[in-house]
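Written out below as C-alpha coordinates is the structure these notes cover.
The values are calculated or read from the model by the stated rules, or taken from the named source; none is laboratory data. What you are looking at is a predicted structure, and each value in this text was computed from that prediction instead of being measured. Counting neighbours? That spans all protein chains shown, and the Cβs are built from the backbone with ideal geometry, glycine included. Remember, those area values only see protein heavy atoms, side chains included, never the ligands or the DNA or RNA. Shrake-Rupley method; radii C 1.70, N 1.55, O 1.52, S 1.80 Å.
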Amino acid sequence: MRIAIGGFMHESNTFAPLPANRERFLEGSLTYGQAMVPIWREAHHEVGGFIEAAGKFGFELVPLGMAWATPSGPVTDEFFEHFCDALVTGVRIANPDGVLIALHGAMVTPKYPAADTEITRRLREAIGPDKPLAVTLDFHGNVCPAMADYANIIVGYQTYPHVDQRQRGVVAGELLARAVKKEIRPVSVAVSLPLFINLLGQDTARVPMTTLMESARAAEKRLGVLSVSIMAGFPYADVPDAGASVIVVADGNAQLAKAVADELAAAMWAVREQLNVLCPEPAEAVKQAIAATSTPVLLIDLGDNIGGGSAGDGTVLLAELLAQKAKGFVVVLHAPNAVVVAKRAGIGGVFEGDVGGAVDRLHGDPVAVRGTVRSLHDGKWIEGEARHGGRRLNDQGHTAVIDLGDGNALVLNSLRTPPFSLGQLTSLGIDPRAARVIVVKAAVAYKAAYAPIAGEIIPVDTPGLTAINPARFTYSRIKRPMYPIG
Ligand SMILES: [Zn+2]
(Lines give C-alpha, C1' and ligand atoms only; values in the text may rest on other atoms or scores of the structure.)
Protein backbone atom coordinates (compact mmCIF):
# COMPACT_ATOMS: atom_id res chain seq x y z
CA MET A 1 0.00 0.00 0.00
CA ARG A 2 1.59 3.27 -1.15
CA ILE A 3 0.12 6.52 0.18
CA ALA A 4 1.11 9.99 -1.02
CA ILE A 5 1.41 12.55 1.79
CA GLY A 6 1.77 16.30 1.58
CA GLY A 7 0.61 19.62 2.89
CA PHE A 8 -0.18 23.13 1.73
CA MET A 9 -1.28 25.29 4.64
CA HIS A 10 -2.17 28.93 5.01
CA GLU A 11 -4.69 30.89 7.05
CA SER A 12 -5.47 33.93 4.88
CA ASN A 13 -6.74 37.13 6.47
CA THR A 14 -8.34 38.97 3.54
CA PHE A 15 -8.14 42.26 5.46
CA ALA A 16 -4.34 41.98 5.80
CA PRO A 17 -2.18 43.89 3.31
CA LEU A 18 0.85 41.55 3.18
CA PRO A 19 0.37 38.66 0.71
CA ALA A 20 1.88 35.21 1.23
CA ASN A 21 4.33 34.75 -1.64
CA ARG A 22 7.18 32.27 -2.08
CA GLU A 23 9.42 34.24 0.34
CA ARG A 24 6.85 33.96 3.13
CA PHE A 25 6.66 30.18 2.60
CA LEU A 26 10.45 29.96 2.58
CA GLU A 27 10.50 31.78 5.94
CA GLY A 28 7.86 29.34 7.20
CA SER A 29 8.60 25.87 5.84
CA LEU A 30 8.86 24.86 2.20
CA THR A 31 10.07 21.40 1.23
CA TYR A 32 9.63 19.17 -1.80
CA GLY A 33 9.45 15.36 -1.84
CA GLN A 34 11.37 13.34 0.72
CA ALA A 35 12.86 16.47 2.37
CA MET A 36 9.56 17.05 4.20
CA VAL A 37 9.88 13.86 6.26
CA PRO A 38 12.78 14.68 8.63
CA ILE A 39 11.33 18.15 9.24
CA TRP A 40 7.84 17.02 10.23
CA ARG A 41 8.35 13.46 11.53
CA GLU A 42 8.68 14.43 15.21
CA ALA A 43 6.38 17.45 15.07
CA HIS A 44 3.10 17.59 17.02
CA HIS A 45 1.52 18.20 13.65
CA GLU A 46 -0.83 16.23 11.39
CA VAL A 47 1.99 15.57 8.93
CA GLY A 48 3.93 13.96 11.81
CA GLY A 49 0.70 12.02 12.41
CA PHE A 50 0.61 10.86 8.76
CA ILE A 51 4.19 9.56 9.11
CA GLU A 52 3.32 7.84 12.39
CA ALA A 53 0.23 6.27 10.76
CA ALA A 54 2.40 4.76 7.99
CA GLY A 55 4.26 2.69 10.58
CA LYS A 56 1.13 1.83 12.55
CA PHE A 57 -1.18 0.88 9.68
CA GLY A 58 1.41 -0.52 7.28
CA PHE A 59 1.70 1.81 4.33
CA GLU A 60 4.64 3.09 2.38
CA LEU A 61 5.03 6.88 2.22
CA VAL A 62 5.25 8.81 -1.02
CA PRO A 63 6.14 12.32 0.24
CA LEU A 64 4.97 15.05 -2.14
CA GLY A 65 6.05 18.19 -0.29
CA MET A 66 4.92 20.59 2.39
CA ALA A 67 4.40 24.34 2.30
CA TRP A 68 3.47 26.31 5.42
CA ALA A 69 3.57 30.05 6.13
CA THR A 70 2.55 32.27 9.06
CA PRO A 71 -1.00 33.60 8.58
CA SER A 72 -1.10 36.86 6.60
CA GLY A 73 -2.94 38.32 3.63
CA PRO A 74 -3.98 35.91 0.83
CA VAL A 75 -1.58 33.55 -0.94
CA THR A 76 -0.47 34.84 -4.34
CA ASP A 77 -1.96 33.02 -7.33
CA GLU A 78 1.57 32.51 -8.61
CA PHE A 79 2.74 30.57 -5.55
CA PHE A 80 -0.59 28.74 -5.36
CA GLU A 81 -0.23 27.45 -8.93
CA HIS A 82 3.41 26.56 -8.35
CA PHE A 83 2.84 24.44 -5.26
CA CYS A 84 -0.39 22.83 -6.53
CA ASP A 85 1.60 21.74 -9.57
CA ALA A 86 4.26 20.21 -7.32
CA LEU A 87 1.60 18.21 -5.46
CA VAL A 88 -0.40 17.17 -8.53
CA THR A 89 2.67 16.21 -10.57
CA GLY A 90 3.93 14.15 -7.62
CA VAL A 91 0.62 12.26 -7.51
CA ARG A 92 0.55 11.67 -11.28
CA ILE A 93 4.10 10.30 -11.32
CA ALA A 94 3.79 8.12 -8.21
CA ASN A 95 0.26 6.82 -8.94
CA PRO A 96 -0.30 5.97 -5.23
CA ASP A 97 -3.15 3.92 -3.70
CA GLY A 98 -4.42 6.97 -1.81
CA VAL A 99 -3.60 10.56 -0.87
CA LEU A 100 -3.33 12.16 2.58
CA ILE A 101 -3.11 15.93 2.44
CA ALA A 102 -2.81 18.51 5.23
CA LEU A 103 -4.67 21.73 4.37
CA HIS A 104 -5.72 24.64 6.55
CA GLY A 105 -9.21 25.29 5.24
CA ALA A 106 -8.99 29.10 5.30
CA MET A 107 -6.59 29.62 2.41
CA VAL A 108 -7.62 32.35 -0.03
CA THR A 109 -5.96 33.48 -3.24
CA PRO A 110 -7.12 36.39 -5.43
CA LYS A 111 -8.52 33.85 -7.90
CA TYR A 112 -9.78 31.18 -5.45
CA PRO A 113 -11.78 32.28 -2.37
CA ALA A 114 -12.02 28.57 -1.41
CA ALA A 115 -8.44 27.64 -2.33
CA ASP A 116 -8.39 24.45 -0.23
CA THR A 117 -11.35 23.08 -2.17
CA GLU A 118 -9.55 23.89 -5.42
CA ILE A 119 -6.47 21.95 -4.22
CA THR A 120 -8.71 19.02 -3.27
CA ARG A 121 -10.44 19.14 -6.66
CA ARG A 122 -7.10 19.02 -8.49
CA LEU A 123 -5.84 16.13 -6.35
CA ARG A 124 -9.04 14.21 -7.04
CA GLU A 125 -8.54 14.77 -10.74
CA ALA A 126 -4.93 13.56 -10.48
CA ILE A 127 -5.68 10.40 -8.50
CA GLY A 128 -8.82 9.43 -10.43
CA PRO A 129 -12.40 8.86 -9.22
CA ASP A 130 -11.98 5.58 -7.29
CA LYS A 131 -9.01 5.91 -4.93
CA PRO A 132 -9.49 7.39 -1.47
CA LEU A 133 -8.43 10.95 -0.72
CA ALA A 134 -8.18 12.24 2.87
CA VAL A 135 -7.84 15.88 3.95
CA THR A 136 -6.99 17.22 7.39
CA LEU A 137 -8.06 20.77 8.29
CA ASP A 138 -7.32 23.35 10.95
CA PHE A 139 -10.13 24.09 13.44
CA HIS A 140 -10.29 27.54 11.77
CA GLY A 141 -11.08 26.27 8.31
CA ASN A 142 -13.91 28.07 6.51
CA VAL A 143 -15.28 24.93 4.96
CA CYS A 144 -16.72 24.98 1.47
CA PRO A 145 -19.26 22.12 1.42
CA ALA A 146 -18.10 21.16 -2.12
CA MET A 147 -14.80 19.92 -0.67
CA ALA A 148 -16.68 16.80 0.41
CA ASP A 149 -17.45 16.07 -3.28
CA TYR A 150 -13.73 15.53 -3.87
CA ALA A 151 -12.46 14.14 -0.55
CA ASN A 152 -13.76 10.89 0.96
CA ILE A 153 -12.37 11.75 4.35
CA ILE A 154 -12.14 15.21 5.98
CA VAL A 155 -10.86 15.44 9.54
CA GLY A 156 -10.40 18.72 11.48
CA TYR A 157 -8.53 19.45 14.68
CA GLN A 158 -10.84 19.43 17.69
CA THR A 159 -8.85 21.58 20.10
CA TYR A 160 -8.11 25.30 20.32
CA PRO A 161 -5.27 25.81 21.21
CA HIS A 162 -4.51 23.12 18.63
CA VAL A 163 -2.78 20.39 20.63
CA ASP A 164 -4.37 17.37 18.89
CA GLN A 165 -2.91 17.98 15.44
CA ARG A 166 -0.70 14.89 15.40
CA GLN A 167 -3.49 12.71 16.72
CA ARG A 168 -5.94 13.95 14.05
CA GLY A 169 -3.30 13.19 11.41
CA VAL A 170 -3.11 9.62 12.73
CA VAL A 171 -6.94 9.35 12.59
CA ALA A 172 -6.97 10.49 8.94
CA GLY A 173 -4.14 8.07 8.13
CA GLU A 174 -5.96 5.16 9.75
CA LEU A 175 -9.25 5.90 7.94
CA LEU A 176 -7.41 6.19 4.64
CA ALA A 177 -5.53 2.90 5.15
CA ARG A 178 -8.81 1.13 5.99
CA ALA A 179 -10.44 2.64 2.89
CA VAL A 180 -7.59 1.43 0.66
CA LYS A 181 -8.04 -2.08 2.12
CA LYS A 182 -11.79 -1.72 1.41
CA GLU A 183 -12.69 -2.30 5.07
CA ILE A 184 -14.71 0.93 4.96
CA ARG A 185 -16.23 3.17 2.26
CA PRO A 186 -15.92 6.65 3.81
CA VAL A 187 -18.12 9.51 2.60
CA SER A 188 -17.95 13.05 3.98
CA VAL A 189 -20.63 15.70 4.35
CA ALA A 190 -20.01 19.31 5.41
CA VAL A 191 -22.78 21.59 6.67
CA SER A 192 -21.99 25.29 7.10
CA LEU A 193 -23.71 27.86 9.33
CA PRO A 194 -24.20 31.63 8.90
CA LEU A 195 -22.33 32.03 12.18
CA PHE A 196 -19.17 33.89 13.15
CA ILE A 197 -17.76 32.57 16.42
CA ASN A 198 -15.26 35.07 17.79
CA LEU A 199 -11.91 33.61 18.78
CA LEU A 200 -12.58 33.79 22.52
CA GLY A 201 -15.79 31.85 22.07
CA GLN A 202 -13.88 29.24 20.04
CA ASP A 203 -11.72 28.24 23.04
CA THR A 204 -12.42 24.53 23.50
CA ALA A 205 -11.75 24.79 27.24
CA ARG A 206 -14.67 27.21 27.57
CA VAL A 207 -18.38 26.43 27.78
CA PRO A 208 -20.33 26.15 25.48
CA MET A 209 -17.57 25.05 23.05
CA THR A 210 -16.58 22.32 25.52
CA THR A 211 -20.13 21.00 25.51
CA LEU A 212 -20.30 21.03 21.71
CA MET A 213 -17.05 19.07 21.56
CA GLU A 214 -18.45 16.48 23.97
CA SER A 215 -21.47 16.08 21.69
CA ALA A 216 -19.16 15.63 18.69
CA ARG A 217 -17.16 12.92 20.47
CA ALA A 218 -20.38 11.17 21.48
CA ALA A 219 -21.66 11.31 17.87
CA GLU A 220 -18.41 9.70 16.70
CA LYS A 221 -19.34 6.59 18.70
CA ARG A 222 -22.57 6.04 16.75
CA LEU A 223 -22.74 3.02 14.49
CA GLY A 224 -21.55 3.89 10.99
CA VAL A 225 -20.00 7.24 11.96
CA LEU A 226 -16.24 7.33 11.38
CA SER A 227 -15.31 10.91 12.32
CA VAL A 228 -16.95 14.16 13.41
CA SER A 229 -15.32 17.59 13.24
CA ILE A 230 -16.79 20.79 14.57
CA MET A 231 -15.14 23.64 12.68
CA ALA A 232 -15.06 27.05 14.37
CA GLY A 233 -14.27 28.99 11.18
CA PHE A 234 -12.13 32.07 10.60
CA PRO A 235 -14.02 35.40 10.74
CA TYR A 236 -11.17 37.43 9.18
CA ALA A 237 -11.88 36.28 5.66
CA ASP A 238 -14.40 38.04 3.47
CA VAL A 239 -15.28 34.96 1.40
CA PRO A 240 -18.58 33.19 0.64
CA ASP A 241 -17.73 30.18 2.85
CA ALA A 242 -16.63 32.13 5.95
CA GLY A 243 -18.16 30.84 9.16
CA ALA A 244 -18.59 27.81 11.38
CA SER A 245 -19.38 24.34 10.05
CA VAL A 246 -19.66 20.66 10.91
CA ILE A 247 -18.04 17.81 8.97
CA VAL A 248 -19.10 14.18 9.38
CA VAL A 249 -17.47 11.13 7.79
CA ALA A 250 -19.68 8.02 7.68
CA ASP A 251 -19.20 4.52 6.33
CA GLY A 252 -20.95 4.38 2.96
CA ASN A 253 -23.91 6.39 4.23
CA ALA A 254 -24.11 10.03 3.18
CA GLN A 255 -27.61 10.37 4.66
CA LEU A 256 -26.34 9.41 8.10
CA ALA A 257 -23.42 11.83 7.75
CA LYS A 258 -25.82 14.62 6.80
CA ALA A 259 -28.23 13.86 9.65
CA VAL A 260 -25.47 13.91 12.27
CA ALA A 261 -23.95 17.10 10.82
CA ASP A 262 -27.36 18.83 10.81
CA GLU A 263 -27.97 17.83 14.42
CA LEU A 264 -24.64 19.26 15.62
CA ALA A 265 -25.06 22.39 13.51
CA ALA A 266 -28.42 22.98 15.21
CA ALA A 267 -26.79 22.53 18.63
CA MET A 268 -24.16 25.15 17.71
CA TRP A 269 -26.77 27.59 16.45
CA ALA A 270 -28.74 27.21 19.67
CA VAL A 271 -25.83 28.49 21.80
CA ARG A 272 -24.68 31.30 19.46
CA GLU A 273 -25.28 34.04 22.03
CA GLN A 274 -23.01 32.34 24.58
CA LEU A 275 -20.31 31.93 21.93
CA ASN A 276 -20.24 35.71 21.39
CA VAL A 277 -17.75 36.70 24.14
CA LEU A 278 -17.06 40.39 24.95
CA CYS A 279 -14.05 42.01 26.74
CA PRO A 280 -12.62 45.39 28.02
CA GLU A 281 -10.98 48.16 25.93
CA PRO A 282 -7.20 48.95 26.27
CA ALA A 283 -7.25 51.71 28.95
CA GLU A 284 -9.51 49.74 31.27
CA ALA A 285 -7.59 46.49 30.68
CA VAL A 286 -4.20 48.10 31.52
CA LYS A 287 -5.72 49.63 34.66
CA GLN A 288 -6.91 46.18 35.72
CA ALA A 289 -3.47 44.68 34.95
CA ILE A 290 -1.62 47.25 37.09
CA ALA A 291 -4.01 46.64 39.99
CA ALA A 292 -3.78 42.84 39.76
CA THR A 293 -2.28 40.97 42.68
CA SER A 294 -1.68 37.67 40.95
CA THR A 295 1.08 37.94 38.32
CA PRO A 296 2.15 37.72 35.58
CA VAL A 297 -0.94 39.30 34.04
CA LEU A 298 -1.34 38.40 30.39
CA LEU A 299 -2.86 41.22 28.35
CA ILE A 300 -4.17 39.53 25.23
CA ASP A 301 -3.83 41.85 22.23
CA LEU A 302 -6.74 40.42 20.26
CA GLY A 303 -6.57 43.04 17.50
CA ASP A 304 -2.94 42.19 16.72
CA ASN A 305 -3.19 38.39 16.76
CA ILE A 306 -0.18 37.35 14.71
CA GLY A 307 -1.48 33.82 14.30
CA GLY A 308 -4.60 35.37 12.75
CA GLY A 309 -2.64 37.28 10.13
CA SER A 310 -1.91 40.69 11.69
CA ALA A 311 1.41 42.52 11.56
CA GLY A 312 2.66 41.89 15.10
CA ASP A 313 3.83 45.46 15.48
CA GLY A 314 0.70 46.95 17.04
CA THR A 315 1.46 49.56 19.70
CA VAL A 316 -1.90 50.22 21.37
CA LEU A 317 -1.06 48.28 24.54
CA LEU A 318 2.61 49.39 24.68
CA ALA A 319 1.48 53.04 24.47
CA GLU A 320 -1.17 52.48 27.14
CA LEU A 321 1.29 50.69 29.49
CA LEU A 322 3.78 53.58 29.14
CA ALA A 323 1.02 56.18 29.60
CA GLN A 324 -0.21 54.49 32.79
CA LYS A 325 3.42 54.01 34.02
CA ALA A 326 3.20 50.24 34.35
CA LYS A 327 6.21 48.41 35.79
CA GLY A 328 7.70 45.03 34.97
CA PHE A 329 6.13 44.53 31.56
CA VAL A 330 7.34 42.52 28.59
CA VAL A 331 6.20 43.52 25.09
CA VAL A 332 7.32 41.79 21.90
CA LEU A 333 7.12 43.74 18.64
CA HIS A 334 7.97 42.76 15.11
CA ALA A 335 10.37 45.58 14.19
CA PRO A 336 13.14 44.49 11.80
CA ASN A 337 14.38 48.05 11.22
CA ALA A 338 14.61 48.77 14.94
CA VAL A 339 16.62 45.55 15.41
CA VAL A 340 19.20 46.95 12.97
CA VAL A 341 19.36 50.16 15.04
CA ALA A 342 19.79 48.14 18.25
CA LYS A 343 22.57 46.04 16.70
CA ARG A 344 24.35 49.18 15.63
CA ALA A 345 24.13 50.53 19.20
CA GLY A 346 25.47 47.23 20.55
CA ILE A 347 24.93 45.59 23.95
CA GLY A 348 24.90 48.25 26.67
CA GLY A 349 24.38 50.98 24.07
CA VAL A 350 21.53 53.46 24.01
CA PHE A 351 18.53 52.61 21.86
CA GLU A 352 16.43 55.53 20.81
CA GLY A 353 13.80 55.54 18.12
CA ASP A 354 10.27 54.78 16.95
CA VAL A 355 8.99 51.24 17.24
CA GLY A 356 5.91 49.51 15.83
CA GLY A 357 3.07 50.74 13.68
CA ALA A 358 5.19 50.29 10.55
CA VAL A 359 2.90 48.06 8.48
CA ASP A 360 -0.36 49.95 8.93
CA ARG A 361 -2.07 52.37 11.32
CA LEU A 362 -4.85 49.96 12.25
CA HIS A 363 -2.97 48.80 15.35
CA GLY A 364 -1.76 52.17 16.68
CA ASP A 365 0.96 54.68 15.74
CA PRO A 366 4.74 54.21 16.08
CA VAL A 367 5.87 54.81 19.69
CA ALA A 368 9.07 56.72 20.52
CA VAL A 369 11.11 54.83 23.13
CA ARG A 370 14.50 55.25 24.79
CA GLY A 371 16.35 52.49 26.57
CA THR A 372 19.48 50.36 26.78
CA VAL A 373 20.26 47.36 24.59
CA ARG A 374 20.25 44.51 27.11
CA SER A 375 21.03 41.64 24.72
CA LEU A 376 21.13 40.56 21.06
CA HIS A 377 20.20 37.09 19.72
CA ASP A 378 19.93 35.02 16.54
CA GLY A 379 16.30 34.28 17.49
CA LYS A 380 16.31 30.50 17.10
CA TRP A 381 15.03 27.97 19.64
CA ILE A 382 13.60 24.45 19.90
CA GLU A 383 10.19 23.70 21.43
CA GLY A 384 9.86 20.13 22.70
CA GLU A 385 6.27 20.23 23.96
CA ALA A 386 2.94 19.90 22.11
CA ARG A 387 2.17 23.53 21.32
CA HIS A 388 -0.38 25.16 19.05
CA GLY A 389 0.89 24.91 15.48
CA GLY A 390 3.09 21.91 16.22
CA ARG A 391 6.38 23.56 15.41
CA ARG A 392 9.61 22.26 16.94
CA LEU A 393 12.20 24.48 15.27
CA ASN A 394 11.40 28.13 15.83
CA ASP A 395 13.00 31.25 14.46
CA GLN A 396 12.03 34.86 15.25
CA GLY A 397 15.00 36.22 13.30
CA HIS A 398 17.61 38.59 14.73
CA THR A 399 16.25 39.84 18.02
CA ALA A 400 17.12 42.63 20.46
CA VAL A 401 15.99 43.06 24.06
CA ILE A 402 15.70 46.71 25.09
CA ASP A 403 15.65 47.67 28.75
CA LEU A 404 13.15 50.53 29.15
CA GLY A 405 13.67 51.04 32.91
CA ASP A 406 11.13 50.23 35.66
CA GLY A 407 11.80 46.55 34.94
CA ASN A 408 10.20 46.92 31.51
CA ALA A 409 11.55 44.89 28.60
CA LEU A 410 10.84 45.50 24.94
CA VAL A 411 11.66 42.61 22.63
CA LEU A 412 12.19 43.53 18.99
CA ASN A 413 12.31 40.69 16.46
CA SER A 414 12.86 40.41 12.72
CA LEU A 415 10.38 37.67 11.76
CA ARG A 416 6.68 37.82 12.65
CA THR A 417 6.36 35.15 15.30
CA PRO A 418 3.16 34.20 17.12
CA PRO A 419 3.55 33.65 20.88
CA PHE A 420 3.00 29.89 20.91
CA SER A 421 6.11 28.93 22.87
CA LEU A 422 7.68 30.35 26.07
CA GLY A 423 11.00 29.69 24.34
CA GLN A 424 10.38 32.94 22.48
CA LEU A 425 11.20 34.72 25.78
CA THR A 426 13.30 32.21 27.73
CA SER A 427 15.76 31.87 24.83
CA LEU A 428 16.40 35.62 25.31
CA GLY A 429 17.12 35.26 29.02
CA ILE A 430 13.69 36.64 30.00
CA ASP A 431 11.86 34.72 32.71
CA PRO A 432 8.16 35.19 31.88
CA ARG A 433 7.18 34.06 35.40
CA ALA A 434 9.05 37.03 36.88
CA ALA A 435 7.26 39.63 34.72
CA ARG A 436 4.29 41.59 36.10
CA VAL A 437 2.57 42.10 32.75
CA ILE A 438 3.13 40.32 29.42
CA VAL A 439 1.47 41.52 26.23
CA VAL A 440 0.50 38.47 24.20
CA LYS A 441 -0.39 39.05 20.55
CA ALA A 442 -2.79 36.16 20.10
CA ALA A 443 -6.37 35.11 20.80
CA VAL A 444 -6.45 31.64 22.34
CA ALA A 445 -3.60 29.70 20.72
CA TYR A 446 -1.02 31.11 23.18
CA LYS A 447 -2.70 29.28 26.05
CA ALA A 448 -0.95 25.93 25.62
CA ALA A 449 2.34 27.72 26.37
CA TYR A 450 1.35 30.68 28.56
CA ALA A 451 -1.73 29.73 30.57
CA PRO A 452 0.21 27.45 32.98
CA ILE A 453 2.35 30.41 34.17
CA ALA A 454 -0.36 33.11 34.16
CA GLY A 455 -1.53 34.81 37.34
CA GLU A 456 -4.39 36.46 35.51
CA ILE A 457 -5.50 36.67 31.88
CA ILE A 458 -7.22 39.77 30.48
CA PRO A 459 -8.34 39.58 26.85
CA VAL A 460 -8.43 43.12 25.43
CA ASP A 461 -10.69 44.53 22.74
CA THR A 462 -7.84 46.22 20.83
CA PRO A 463 -8.40 47.51 17.30
CA GLY A 464 -6.74 45.83 14.33
CA LEU A 465 -6.89 43.22 11.62
CA THR A 466 -7.96 40.55 14.08
CA ALA A 467 -10.22 42.63 16.34
CA ILE A 468 -12.53 40.42 18.34
CA ASN A 469 -15.62 42.27 17.25
CA PRO A 470 -16.54 41.41 13.63
CA ALA A 471 -18.64 44.60 13.49
CA ARG A 472 -15.29 46.47 13.13
CA PHE A 473 -14.88 45.02 9.61
CA THR A 474 -16.61 45.73 6.31
CA TYR A 475 -17.62 42.52 4.54
CA SER A 476 -18.98 42.27 1.02
CA ARG A 477 -18.76 38.57 0.06
CA ILE A 478 -19.97 36.63 3.13
CA LYS A 479 -23.37 34.98 3.55
CA ARG A 480 -26.03 37.35 4.88
CA PRO A 481 -27.45 37.57 7.42
CA MET A 482 -24.46 36.44 9.46
CA TYR A 483 -24.76 36.15 13.22
CA PRO A 484 -23.88 38.37 15.17
CA ILE A 485 -23.37 41.15 12.59
CA GLY A 486 -26.50 40.72 10.52
ZN1 LIG B 1 -6.18 27.46 13.72
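Summed over the range 63-99, residues that are open to solvent by 20 Å² or more (accessible area, probe 1.4 Å) and either outside any helix (DSSP H, G or I) or touching a Cys at 6+ places or on another chain (Cβ under 6 Å) (or both) total 7.
All conditions in (1) more than 26 Å from the chain's Cα centre (by Cα); (2) in contact (Cβ under 8 Å) with a residue 24 or more places away in the chain hold for Ala386, with the sole exception of (1).
Based on what the data block shows, is Pro96 under 18 Å from Pro240 (Cβ atoms) and either more than 16 Å from the ligand (Cβ to nearest atom) or without any contact (Cβ under 8 Å) to a residue 12 or more places away in the chain (or both)? Taking the combined requirement at face value, the residue does not satisfy it.
Among the conditions (1) at pLDDT 95 or above; (2) assigned to a loop (DSSP other than H, G, I, E, B), Gly364 misses just one, which is (1). In this structure, Asp149 does not satisfy being of a type in the set (D, E, K, R) and within 16 Å of the ligand (Cβ to nearest atom). For the range 17-45, a tally of residues being modelled with pLDDT under 95 and open to solvent by less than 10 Å² (accessible area, probe 1.4 Å) returns 1.
Within the option set Pro129, Pro113, Pro161, being in the same structural domain as Pro96 (by TED's automatic domain parsing), away from the ligand (no atom under 16 Å from the Cβ) and in contact (Cβ under 8 Å) with a residue 12 or more places away in the chain holds for one residue only, Pro113. Do the conditions hold for Val47, that is, is it closer than 24 Å to Lys131 by Cβ and in contact with a Gly (Cβ under 6 Å, 6 or more places away or on another chain)? So Val47 passes the test.
Suppose the filter is open to solvent by 60 Å² or more (accessible area, probe 1.4 Å) and small (Gly, Ala, Ser); does Gly48 pass it? It is false that Gly48 is open to solvent by 60 Å² or more (accessible area, probe 1.4 Å) and small (Gly, Ala, Ser). Among the criteria (1) at negative phi; (2) in contact (Cβ under 8 Å) with a residue 24 or more places away in the chain, the one Ala368 does not fulfil is (2). A count restricted to the range 239-263 and to residues that are open to solvent by 10 Å² or more (accessible area, probe 1.4 Å) and either among the β-branched types (Val, Ile, Thr) or over 23 Å from the mean Cα position of the chain (by Cα) (or both) stands at 10. Residue check: Phe234 meets all listed conditions (1) within 15 Å of Thr466 (Cα to Cα); (2) in a helix (DSSP H, G or I); (3) not hydroxyl-bearing (Ser, Thr, Tyr) but one, namely (2). Scanning the range 456-472 for residues that are buried (at least 17 other Cβ atoms within 10 Å of the Cβ) and more than 16 Å from the ligand (Cβ to nearest atom) yields Ile458, Pro459, Val460, Asp461, Thr462, Pro463, Gly464, Ala467, Asn469, Pro470.
Looking at the range 30-51, can you tell me whether even one residue there is outside any loop (DSSP other than H, G, I, E, B) and either in the same structural domain as Pro419 (by TED's automatic domain parsing) or basic (Lys, Arg) (or both)? No: the range 30-51 contains no residue that is outside any loop (DSSP other than H, G, I, E, B) and either in the same structural domain as Pro419 (by TED's automatic domain parsing) or basic (Lys, Arg) (or both).
Does Ala326 satisfy being modelled with pLDDT of 95 or more and open to solvent by less than 40 Å² (accessible area, probe 1.4 Å)? Yes: the conditions hold for Ala326. Just one of the numbered conditions (1) surrounded by 18 or more Cβ atoms within 10 Å (Cβ to Cβ); (2) more than 16 Å from the ligand (Cβ to nearest atom); (3) in contact (Cβ under 8 Å) with a residue 60 or more places away in the chain is not true of Arg480: (1). When each of Val155, Val143 is tested for being closer than 21 Å to Ala443 by Cβ, within 16 Å of the ligand (Cβ to nearest atom), open to solvent by less than 10 Å² (accessible area, probe 1.4 Å) and outside the structural domain of Ile306 (by TED's automatic domain parsing), the lone residue that passes is Val143. Scanning the range 417-450 for residues that are open to solvent by 40 Å² or more (accessible area, probe 1.4 Å) and under 18 Å from Leu200 (Cα atoms) yields one hit, Lys447. I'd like to know if the range 304-319 contains one or more residues that are hydroxyl-bearing (Ser, Thr, Tyr) and within 18 Å of Asp403 (Cα to Cα). Checking the range 304-319: at least one residue is hydroxyl-bearing (Ser, Thr, Tyr) and within 18 Å of Asp403 (Cα to Cα).
Every condition in (1) closer than 28 Å to Pro113 by Cα; (2) away from the ligand (no atom under 16 Å from the Cβ); (3) out of contact with any helix residue (DSSP H, G or I) (no Cβ under 8 Å at 6 or more places or on another chain); (4) open to solvent by less than 60 Å² (accessible area, probe 1.4 Å) holds for Leu175 except the one numbered (1).
Selection of the range 110-125 for residues being surrounded by 22 or more Cβ atoms within 10 Å (Cβ to Cβ) and either aliphatic (A, V, I, L, M) or assigned to a loop (DSSP other than H, G, I, E, B) (or both) yields Pro113, Ala114, Ala115, Ile119, Leu123. In this structure, Ala102 qualifies as within 16 Å of the ligand (Cβ to nearest atom) and open to solvent by less than 10 Å² (accessible area, probe 1.4 Å). When His162 is tested against (1) assigned to a loop (DSSP other than H, G, I, E, B); (2) modelled with pLDDT of 95 or more; (3) crowded, with 24+ Cβ neighbours inside 10 Å, only condition (2) is not met.
All conditions but one from (1) touching a Ser or Thr at 6+ places or on another chain (Cβ under 8 Å); (2) open to solvent by 20 Å² or more (accessible area, probe 1.4 Å) apply to Leu226; the one that does not is (1).
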